[in-house]
Amino acid sequence: MARLIALVLLLSVGGSAAQTPVTPRVAAPLPTGLAGTLVFQSDLAGPDNPQGRTRIYTMNLATGATVAITRGRDHRDESPRWSPDGSRIAFKSNRGGNQYDIYVMNADGSNPVRITDHPANDNDPAWLPDGQSLVFNSERDSRGDLYRVWLNDRRVERLTHHFVGRAIMPNVSPDGRSVAFAAQTLQRLQFWEFQVHVLDLASGKTRALDNSGGACWPSWSPDGRTLANVLLATEPSTIQVRAADGAAPRTLPVMPAMWHYYPEWSRDGRWLALSVSPAHHAGEDWDLAIAPADGSRPPQRLTSGRGNDRLPDWKP
């Protein structure tokens with residue numbers, strides 16, 4: 001009887017070995033000489049996550065130690081972004097219902113707080129440098145526009161209005177004055193491709209950055225002088241780095257036959273974290289990777305194996 005009671009207690013608090021969170025496999029060998037912590041999302045399935053719901057993880061780049069900081073069988077947690085002081089993480093989740101809303105939690109995954117609450121999907125949170133508000137994309141009155149929400153009173157300000165080709169994937173400049181984003185505004189033959197735009201928060205005006213082909217997922221360098229983005233001019237995609245006004249573009253070396261996506265700068269500006277996959281959409285298998293921002297060598301994998309590991313963000 002005592003053994004039965006002990007087993008019941010163990011299972012009731014989630015102590016079953018089958019409920020231990022699975023974590024993405026670290027690449028071997030792990031690139032050396034790295035430091036810092038990445039937060040990212042993965043849909044790795046396991047005994048505690050049989051349907052492969054997307055969860056949020058952290059990785060210690062020096063050791064490769066990977067920790068699941070969100071759990072749950074019936075919802076998805078995605079698009080994690082560190083707060084400017086590294087104490088919190090903003091993310092989107094459908095844990096509150098069928099739609100995605102914006103949440104903020106502590107760096108260890110504790111105390112998740114719902115920031116938006118709307119029947120439409122809210123996506124891709126991006127912090128302002130003071131840590132007091134977030135820019136996000138929402139479908140609440142269009143296919144996609146940018147909004148800003150203040151954490152103290154949940155006040156929401158609309159930043160774009162029925163932007164042509166949607167306004168998605170926001171990334172706020174280090175000085176907090178501009179938001180880079182993507183929209184399908186570049187016409188090539190019968191298709192409309194994504195193009196990077198920059199929104200001036202003070203005036204509300206936007207400008208498109210010229211490009212030889214489609215571009216998306218913009219990311220500001222820590223000094224605000226450079227943008228990295230996905231370049232879709234050829235398939236598979238590559239990572240492009242250029243001046244903040246779009247000038248002097250250069251394409252970084254690639255891993256052969258791999259799609260390159262989701263670039264994000266290290267805080268010293270020396271590295272870009274990203275994801276690579278042999279296919280995009282059908283057959284995709286994304287792994288985290290890291291590449292020197294100066295283009296001195298191709299990316300190296302940080303994770304491998306099953307699961308799509310995506311949207312890395314470097315802890316301040």
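The values are calculated or read from the model by the stated rules, or taken from the named source; none is laboratory data. Because the structure is a prediction, the values reported are computed rather than measured. Here the Cβ is made from the backbone with ideal geometry for all residues, glycine too, and neighbour counts use every protein chain on show.
Could you list, in sequence order, the residues of region 178-235 that are assigned to a strand (DSSP E or B) and small (Gly, Ala, Ser)?
Residues satisfying the conditions are Ser178, Ala180, Ala182, Ala183, Ala208, Ala215, Ser219, Ala228.
Could you run through region 236-245 and say how many residues are touching a residue at least 40 places away in the same chain (Cβ under 8 Å) and either farther than 20 Å from His197 by Cβ or part of a loop (DSSP other than H, G, I, E, B) (or both)?
Final tally of qualifying residues: 3.
Select, from Arg306, Arg310, the only residue that is assigned to a loop (DSSP other than H, G, I, E, B), among the basic types (Lys, Arg) and surrounded by fewer than 24 Cβ atoms within 10 Å (Cβ to Cβ).
Arg306
Can you tell me which residues in region 36-52 are farther than 23 Å from Trp314 by Cα, touching a residue at least 24 places away in the same chain (Cβ under 8 Å) and not in a strand (DSSP E or B)?
Within region 36-52, Ala45, Pro47, Asp48, Gly52 qualify.
Select, from Asp130, Asp117, the only residue that is in contact (Cβ under 8 Å) with a residue 40 or more places away in the chain and acidic (Asp, Glu).
Asp130
Of the residues in region 183-200, how many are buried (at least 18 other Cβ atoms within 10 Å of the Cβ) and closer than 22 Å to Asp223 by Cβ?
Number of matching residues: 4.
Does region 71-83 include one or more residues that are loosely packed, with under 12 Cβ neighbours inside 10 Å and at pLDDT below 95?
Checked against the condition, which is being loosely packed, with under 12 Cβ neighbours inside 10 Å and at pLDDT below 95, region 71-83 yields at least one hit.
Would you tally the residues in region 86-111 being crowded, with 16+ Cβ neighbours inside 10 Å, at negative phi and out of contact with any His (no Cβ under 8 Å at 6 or more places or on another chain)?
The number of residues fulfilling the criteria is 11.
Looking at (1) crowded, with 24+ Cβ neighbours inside 10 Å; (2) in contact with a Gly (Cβ under 7 Å, 6 or more places away or on another chain), can you tell me which one Ala273 breaks?
For Ala273, the failing item is (2).
Among the candidates Arg140, Arg166, Arg155, which residue alone is surrounded by fewer than 13 Cβ atoms within 10 Å (Cβ to Cβ), free of Cβ contacts under 8 Å to residues at least 60 places away in the same chain and of a type in the set (D, E, K, R)?
Sole residue among the options that is surrounded by fewer than 13 Cβ atoms within 10 Å (Cβ to Cβ), free of Cβ contacts under 8 Å to residues at least 60 places away in the same chain and of a type in the set (D, E, K, R): Arg155.
Scan region 290-299 residue by residue and report those that are under 17 Å from Ala65 (Cα atoms) and more than 16 Å from the chain's Cα centre (by Cα).
Those that are under 17 Å from Ala65 (Cα atoms) and more than 16 Å from the chain's Cα centre (by Cα): none in region 290-299.
Please work out which residue is farthest from Asp130 (Cα to Cα), limiting yourself to region 157-194 and to residues that are among the polar types (S, T, N, Q) and over 18 Å from the mean Cα position of the chain (by Cα).
Going through the qualifying residues, I end up with Gln190.
Check whether at least one residue in region 23-35 is touching an Asp or Glu at 6+ places or on another chain (Cβ under 8 Å), in a loop (DSSP other than H, G, I, E, B) and at pLDDT below 95, and report yes or no.
Within region 23-35, none of the residues are touching an Asp or Glu at 6+ places or on another chain (Cβ under 8 Å), in a loop (DSSP other than H, G, I, E, B) and at pLDDT below 95.
Considering Ala35, Ala45, Ala120, which residue is closer than 28 Å to Arg270 by Cα, surrounded by fewer than 23 Cβ atoms within 10 Å (Cβ to Cβ) and of a type in the set (Gly, Ala, Ser)?
Being closer than 28 Å to Arg270 by Cα, surrounded by fewer than 23 Cβ atoms within 10 Å (Cβ to Cβ) and of a type in the set (Gly, Ala, Ser) holds for just one of Ala35, Ala45, Ala120, which is Ala35.
Just to be sure I understand, how many residues within region 48-62 are more than 24 Å from Arg270 (Cβ to Cβ) and hydrophobic (A, V, I, L, M, F, W, C)?
1
Of these, Pro263, Pro222, Pro292, which one is surrounded by 14 or more Cβ atoms within 10 Å (Cβ to Cβ), more than 20 Å from Pro80 (Cβ to Cβ) and of a type outside the set (D, E, K, R)?
Exactly one of Pro263, Pro222, Pro292 is surrounded by 14 or more Cβ atoms within 10 Å (Cβ to Cβ), more than 20 Å from Pro80 (Cβ to Cβ) and of a type outside the set (D, E, K, R), namely Pro292.
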